[in-house]
Amino acid sequence: MICNAENKIKGGKLIRIKCEIKEDILNKIKFSGDFFLHPEEKLNELEDLLQGMKINEINTNIINFFRKNNVILLGIKEDDFANIFESAIKELK
Amino acid sequence: MNKEWRLIPFTSNNPNVNMAIDEAIMIARSKNIVPNTLRLYSWKPSAVSIGIFQNVEDEINLDYVNKSSIEVIRRITGGGTVYHDEFGEVTYSIILKENDPIVPTSILESYDVLCQGVINGLKRIGLDCKFIPINDIIVNNKKISGNAQTRRNHVILQHGTILVNVNVEKMFDVLKVSDEKIKDKIISSVQERVTSVNNEINNNVSLKEVASVMKDGFNDALKVNFIDGQLTNEEVILMKELSKNKYNNDKWTFSR
């Protein structure tokens with residue numbers, strides 16, 4: 001199942017998500033938007049990490065990944081990534 | 001004595017080349033083979049750039065840009081979609097070591113410090129601008145400049161635009177609007193929030209004149225001496241490779 005969502009964050013930045021889920025497993029995930037995330041390559045690393053995980057493990061792993069890797073976010077917060085995933089999979093629950 | 005920086009004087013370049021030069025200088029700076037550098041440029045033909053995390057199809061009206069020979073390019077910096085009009089915009093890029101005492105360690109604070117170059121430049125033509133976090137410069141409550149920064153291999157690259165002439169309607173031919181029915185309303189709202197040098201001073205200042213005051217503005221803000229220079233052979237080789245294999249390659253442009 002393909003799930004999409006978008007959210008305008010307080011402050012004006014936008015985050016979008018496109019993901020593909022099969023039997024509670026996240027097969028593909030792509031975040032996009034006009035936010036700032038440093039170092040930039042960490043977003044690909046996060047997506048690679050999440051692919052193959054159970055959907056109920058995603059949110060904790062997003063938050064842990066950002067903290068463990070000292071990712072700097074501007075115009076967006078860690079929770080915004082977790083929340084947009086929740087919005088995308090709402091229909092599945 | 002002020003430190004010596006290289007200035008790459010104002011030129012107009014193909015969009016792929018513009019982005020490739022910025023990255024080439026950044027790589028060369030990380031290898032300590034070039035000094036800190038300020039570069040001033042415009043875009044020929046006009047282009048639309050998207051932030052590194054954006055999706056082209058979500059942001060850009062591809063039918064329109066293809067018909068209009070406007071190039072689409074993905075930046076290595078975050079932030080949003082920018083329409084770079086050939087006759088309407090001056091862009092700067094500044095490349096310096098991350099540990100340079102000029103800039104604070106905090107990315108957010110360093111935007112403020114580096115944007116003072118643009119603010120001081122615009123002051124020289126009578127505009128009283130201010131920095132608004134995260135990355136904007138405004139005058140009379142309207143945006144006149146947007147800026148974006150990346151840090152790699154202990155080098156900072158910040159590039160930003162200075163709107164000299166703005167046509168918001170044309171901007172919205174290029175950008176995809178989520179709801180076509182309210183496009184006119186969105187355009188009016190953006191017209192109220194965006195301005196340009198020539199809107200503000202009711203004059204016909206050229207891109208070249210704006211580029212010239214930018215050099216002086218960065219000089220005022222950073223207290224460095226700019227020496228006119230050009231790209232080194234190593235940078236030219238890197239630029240050609242990046243232009244051909246990265247910025248002119250759909251694999252990069254459509255990578256997200």
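Each reported figure results from applying straightforward, stated rules to the coordinates on display, with no laboratory input. Every value quoted in this text rests on a predicted model; they were computed, and no experiment measured them. Every residue, glycine as well, gets a Cβ built from its backbone with ideal geometry; the counts of neighbours run over all protein chains shown.
When you scan the range B:53-65, do you find a residue that is part of a strand (DSSP E or B) and either over 14 Å from the mean Cα position of the chain (by Cα) or over 26 Å from B:Val205 (Cβ atoms) (or both), even just one? Yes, the range B:53-65 contains at least one residue that is part of a strand (DSSP E or B) and either over 14 Å from the mean Cα position of the chain (by Cα) or over 26 Å from B:Val205 (Cβ atoms) (or both).
In the range B:155-183, of all residues being in contact (Cβ under 8 Å) with a residue 12 or more places away in the chain and assigned to a helix (DSSP H, G or I), the one that is nearest to B:Ile52 (Cα to Cα) corresponds to B:Val174.
Of all residues in the range A:10-45, those that are within 12 Å of chain B (Cβ to nearest Cβ) and more than 25 Å from B:Asn135 (Cα to Cα) total 2.
Annotation: B:Ile73 fulfils all but one of (1) closer than 25 Å to A:Lys18 by Cβ; (2) in a helix (DSSP H, G or I); the unmet one is (2). Of all residues in the range B:147-154, at least one satisfies being within 26 Å of B:Lys208 (Cα to Cα) and touching a Leu at 6+ places or on another chain (Cβ under 8 Å). Of all the residues in the range B:28-45, those that are crowded, with 20+ Cβ neighbours inside 10 Å and either among the hydrophobic types (A, V, I, L, M, F, W, C) or within 13 Å of the chain's Cα centre (by Cα) (or both) number 8. Candidates in the range B:71-127 are the residues that are of a type in the set (Gly, Ala, Ser) and away from chain A (no Cβ under 14 Å); of these, the one that is farthest from B:Asn248 (Cα to Cα) is B:Gly126. Restricted to the range B:184-256, the set of helices (runs of 4 or more DSSP H) holding at least 3 residues that are charged (D, E, K, R) and under 18 Å from the mean Cα position of the chain (by Cα) comprises B:207-222. If B:Ile134 satisfies all but one of (1) touching a helix residue (DSSP H, G or I) at 6+ places or on another chain (Cβ under 7 Å); (2) away from chain A (no Cβ under 14 Å); (3) surrounded by 20 or more Cβ atoms within 10 Å (Cβ to Cβ), what's the number of the condition it fails? B:Ile134 satisfies every listed condition except (2). In the range B:13-32, is there at least one residue being at negative phi, within 14 Å of another protein chain (Cβ to nearest Cβ), in a loop (DSSP other than H, G, I, E, B) and touching a residue at least 12 places away in the same chain (Cβ under 8 Å)? So far as the range B:13-32 goes, no, none of its residues is at negative phi, within 14 Å of another protein chain (Cβ to nearest Cβ), in a loop (DSSP other than H, G, I, E, B) and touching a residue at least 12 places away in the same chain (Cβ under 8 Å).
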